[in-house]
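Below you'll find the structure, written out as C-alpha cells, and then a few comments.
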Amino acid sequence: MTPGDSESLVLRNARLPGSDERVDVEIVDGRIRRIGYLGMVGPGIRAVDLAERWLIPGLWDNHVHFSQWAQTARRLDLSGAGSAAEVAALVAARVPDLAAGEGLVGFGFRDGLWPDVPARATLDAVTGPVPAVLISGDLHSCWLNSAALAQHGFADHPTGLLREDDCFAVVRALAAVPDRVMDGWADAAARAAAARGVVGIVEMEMAWNLDTWRRRIQAGTDALRVEFGIYTPQLGRAVEQGLRSGDVIAGTGGLLTVGPYKVITDGSLNTRTAFCFDEYPGLEGQPGSRGSLNVPPEELLDHLRVATEAGIRPAVHAIGDHANSLALDAFERLGCSGSIEHAQLLAPADIARFARLGVVASVQPEHALDDRDVADRYWVGRTDRAFVLASLLRAGATLALGSDAPVAPLDPWVSLAAAVGRTRDGREPWHAEQAISRQAALAASARGRHRVLVGDVADLAVCETDPFVASVGDLRRMPVAATLLAGRFTHDRL
C-alpha cells in the first residue's frame, strides 16, 4: 500500500501538545480531514484508540548520511577515547576478533583536545598487516595504518591522518558494500528511525542517491520519505536528466523526492579546518591556521548558478564564520534561496542576513554539546556566536534541525533536547541564552509544524509524554508509541 492509498482511519482520544483537550482525528486519503469529537464512525473505517497519548506532526531529520549511519553500528566505537593511546588500545582489543582477511573500521574519535596525536606508527604497532581505517566523529578526517594507506593509494602519507577530500575518498570507498547487504542495513536503519517518530530524511550521502533509493524503495524500504542530495560530481548528470528540487520520482509511491545540491565549502571544528576569520590558537602563522576553504568564492558561485538555473536548491556546507559569510555572499549575488548546512560560527552581521536572503539555517543542535569543549579552546572568545539558534530565530530566520548522522544519532528527540536545553550528562547549559522553545524546536523538526492541522498530510507521531512540558532529559528519551506516514503505520506499539 502506498501512502496515497491508505485506508480511512480515525485516531481516537488523542491529546494535543500543551493542552488538556482530547480529540479524534479523521484521516482520509492520507490527509487529516477532521479534528474534534467525531462520534460513531461508519463501516469500513478503522478506529485506533490512542488512549490519551500525545499526537504531533511527524519528524524530519534534515541532514543525514544514511548509508554511513546504517554502517556505524558495525564499526568499532571510538567516541569515548580521550587520546591516541586509548584508541590504539581499543583497536588492539578488537584485532583478534577479526576474521581472516577482514579489515578494521572504527568511528567516532575526536582528537581536538587529545594530549597526543594520531600517527600511522601508533596503529601499525597494534594492527600489523591488518588494514585499519578510523573515521573521526565529524567525518572530516580519518586515521589509517600503513596497510590501509597502501590499500587506498596513500602509501607515502607521513602521518596517516587524512583530512577533507582525501578522507572523503576513503569513506566513499568503504561504502562499496554489495547493494543487497547495504540495502538490508538501510532498511533496518529506516525502521529504527520510524520507531523514533521520523517520517522523512534529507539524504546527504556522497553518492548518486537517486538510483540507490529508488532501488531500496521498490524493494520494500517504505518507512521514510527521502529527499536525496546531489553533489558536484553528479550535478551535470542531474541537470541532464532534468531533475528539479521537489520533483517526486516515479515508481516510488511518492516517497522519493529530488532534494538539494550539496557543496562543502570548508571543513570542521574538531579537525580545525572550519574556515574562520581568526587563526586557531596554537596554529598561528602556520599554513591553514584559519582553516580550509575547499571551494573558492567564484567557483562556488559558478556551481550554485548551474544548480539554481536548473531548479535545484543549493545546500551549502559552512561551519566557520568566514565560510558562512562567503556562502551568504554567493546567495546574495545570485538572488536565490537555499540553505546553509551547519552554520556553526557566525559573524554578528551575518545573523540577520539569513532571514533577509531567505536562507534556511540547517543546524544540528547536538553538535553544540559534542563540540562545546573544543569550541571553548579553539573558538575562545567567540562562542557567544556559535550555534546561535535563538539569535537566528529572533532575526526571523528559518531553522531546520537535523543530526548529520552518524556525527550525531539519527534521533530527532536528541536534537530537540539539545536545542531546548543546551546540555546533557548533567553539565551546566552551554550558552543557555541560545536555547529555543519546545514549540520552535518541534516546528524546526517537522517542516514548520508544531501541531496537527486539518488539511495536513497525515505524517504523524504518537508520544507517551507531552513534548511541550517534558523535562529536557525526558525529551531526549521520548517514548514513541506510533508513527504514521500519510495515515499508514510505519511503527506501532499502541
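The values are calculated or read from the model by the stated rules, or taken from the named source; none is laboratory data. Predicted, not measured: the structure shown is a model, and the values here were computed from it. Using ideal geometry, Cβ is built from the backbone for each residue, glycine included, and neighbour counts are taken over all protein chains shown. Just so you know, the surface numbers come from the protein's heavy atoms only, side chains and all, with ligands and any DNA or RNA stripped out. Shrake-Rupley method; radii C 1.70, N 1.55, O 1.52, S 1.80 Å.
Structure values in brief
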| item | result |
| --- | --- |
| Angstrom value of the Kirkwood radius, inverse mean 1/r, which spans all Cα pairs in segment 221-276 | 13.2 Å |
| Using alpha-carbon coordinates, inclination of helix 348-357 to the longest axis of the chain, degrees | 40 degrees |
| Accessible-area ranking of GLU52, GLU341, largest first, probe 1.4 Å | GLU52, GLU341 |
| In degrees, nearest ten, helix 412-421 long axis to first principal axis of the chain (Cα) | 80 degrees |
| Whole-number accessible area per residue in Å² for segment 79-190, which is evaluated in the context of all protein chains at 1.4 Å | 42 Å² |
| Inter-centroid distance (Cα atoms) of segment 332-358 relative to segment 57-100, Å | 33 Å |
| Accessible surface, segment 325-365, averaged per residue in Å² (probe 1.4 Å) | 30 Å² |
| Solvent-accessible ranking of ARG172, ARG476, largest area first, probe 1.4 Å | ARG172, ARG476 |
| Cα principal axis extents for segment 82-206, largest first, Å | 44, 35, 28 |
| Equivalent-ellipsoid semi-axes of segment 214-360, from the Cα gyration tensor, Å, largest first | 32, 17, 14 |
| Carbon plus sulfur fraction of accessible area for the chain, probe 1.4 Å, in percent | 51 percent |
| Under the Karplus curve 6.51 cos²θ - 1.76 cosθ + 1.60, θ = phi - 60°, whole-Hz ³J(HN,Hα) for segment 468-475, x wherever Gly or Pro sits | 7, 10, 5, 5, 4, x, 5, 4 |
| Where the Cα pairs of the chain fall when distances are cut into 10 Å bins, in % | 4, 19, 29, 27, 15, 5, 1, 0 |
| Student exercise, segment 393-478 dipole from Lys, Arg, Asp, Glu Cβ charges, in Debye to nearest 20 | 180 debye |
